[in-house]
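Notes to accompany the following structure.
A short reminder: the numbers here are calculations on the coordinates, not readings from a lab. Just so you know, these numbers come straight off a predicted model, no measurement behind them. Using ideal geometry, Cβ is built from the backbone for each residue, glycine included, and neighbour counts are taken over all protein chains shown.
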Amino acid sequence: MSLYGLARPFLFALDPETAHRFILRLSDFLSFPAVPGAPIEVMGLKFPNPVGLAAGLDKDAAHIDGLARLGFGFLEVGTVTPRPQPGNPRPRLFRLENQQALINRFGFNNVGVDEFLRNVGRARWKGILGINIGKNADTPAERAVDDYALGFEKVYAAASYVTVNVSSPNTKNLRDLQQDSQLNGLLEKLFALRVRLTEQHGKRVPLALKIAPDLDEAQIASIADAVRRHRIDALIATNTSVSREGVEGMRHATEAGGLSGAPIARRSTSVLNRFKKALGNEVALIGAGGILSGADAAEKRAAGASLVQLYTGLIYRGPALVPECVSAFRAK
């Protein structure tokens, strides 16, 4: 049994959010075997391997160096909002152990973009860093675009790429931004802003859009059209789900929040594949949602993903999941 396998019963005896914080702090002091390279170029960036950390684990960019030692080809940190906010009241993270799943309703708890960037500046690791941006919970819907524009402008210089998160189910009305007119208005604003920032900073930072798994065919077609029109570089498919398919009747299944882990794997991969069919090779696809093995990563690749991201799988499988997923890509 792996070291993580031995430690997991202790970690799972803790409150999930306490365990989350403990693991992050522990990562700052541990070292791990090197992960074999599997270089790939996506979004004009050269990744040492295609397996990344999903946003949400390190919301404040406070543990970049420790997490990088796990062997990821890239890290995505955040979601960060313009102003600090505490998120939703605790408890807000729940394990569904038999289903290898989590439900969270964190609600973009973070230190705010200024402190977040100070944390990024303190990190010694200089690999590919994605920064995931969102809106403050108390920002009115009609001013949501302003929050994203401010966040984008502030993180631009520090980011290898920036992800626009419009798909968390834990901020009221956030998913409305995936709708046709609102999404086009948001992406149009960010596209225009990037033109100015590219000239100002002397570099073009790719933009990714993180989407929900709970989309119908009309929504997929509309989002595909928007990302094509506004020259978005990548789609991350997907965020957590509001569906409870696969966990009905289980303890914690009725808790509000987003479901992640094994139960959403098929749904997320289906959405990924439908975007691949809609967009072909015009937009890079990043697969996330339900990756708990190398075989799961290979399924995302087969469905159209050039890169994958891990979160819940790390909680259940530990650090060994990273090289296992890299090996699955190398075996193609």
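Computed values, structure above
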quantity: Karplus 3J(HN,Hα) series, Hz, for the stretch 40-48 with 6.51 cos²θ - 1.76 cosθ + 1.60 (x for Gly, Pro); calculated: 8, 10, 9, 6, x, 10, 9, 9, x
quantity: Principal axes of the stretch 38-142: Cα extent on each, largest first, Å; calculated: 40, 39, 27
quantity: Overall Cα dimensions of the stretch 3-330 - principal axes, largest extent first, Å; calculated: 51, 43, 39
quantity: Rg/Rh (Cα only; Kirkwood hydrodynamic radius) as it applies to the stretch 186-236; calculated: 1.05
quantity: For the stretch 3-330, size of Cβ-based charge dipole, Lys and Arg +1, Asp and Glu -1, in debye; calculated: 520
quantity: In sequence order, calculated HN-Hα J values of the stretch 21-34 (Karplus, 6.51, -1.76, 1.60; Hz; x Gly/Pro); calculated: 5, 4, 5, 4, 5, 5, 4, 5, 10, 9, 10, 9, x, 5
quantity: Positive-end residue, the stretch 3-330 charge dipole about Cα centroid, Cβ charges, pick of 247, 310, 39; calculated: 39
quantity: Sparse-neighbourhood loop sites, trypsin sites (Lys or Arg not before Pro) in the stretch 104-151 - DSSP loop, at most 10 other Cβ within 10 angstrom; calculated: 124, 126
quantity: Contact order normalised by residue count of the stretch 33-183, Cα under 8 Å, 6+ apart, percent; calculated: 21
quantity: Chain lengthening between residue 204 and residue 31 when straightened (0.36 nm per residue, less Cα-Cα); calculated: 59.0 nm
quantity: Overall dimensions of the stretch 99-201 by Cα: Rg and Dmax, Å; calculated: 14.7, 48
quantity: Qualifying trypsin sites (Lys or Arg not before Pro) in the stretch 154-195, DSSP loop, other Cβ atoms within 10 Å at most 14; calculated: 172
quantity: Unit charges at the beta carbon, dipole of the chain: most positive-side option, 298, 167, 184; calculated: 298
quantity: Longest DSSP-loop-exposure-free segment, GluC sites (Glu not before Pro), the chain, at most 14 other Cβ within 10 Å; calculated: 1-244
quantity: Mean separation of Cα contacts under 8 Å (6+ apart) over length of the chain, as relative contact order %; calculated: 18
quantity: GNM top mover of 62, 137, 123 - the chain, alpha-carbon springs below 10 Å; calculated: 123
quantity: Percent of beta bridges antiparallel (DSSP, the stretch 3-330, rounded to nearest 5); calculated: 30
quantity: Gaussian network model of the chain, springs between alpha carbon atoms under 10 Å - residue of 272, 70, 26 with greatest fluctuation; calculated: 26
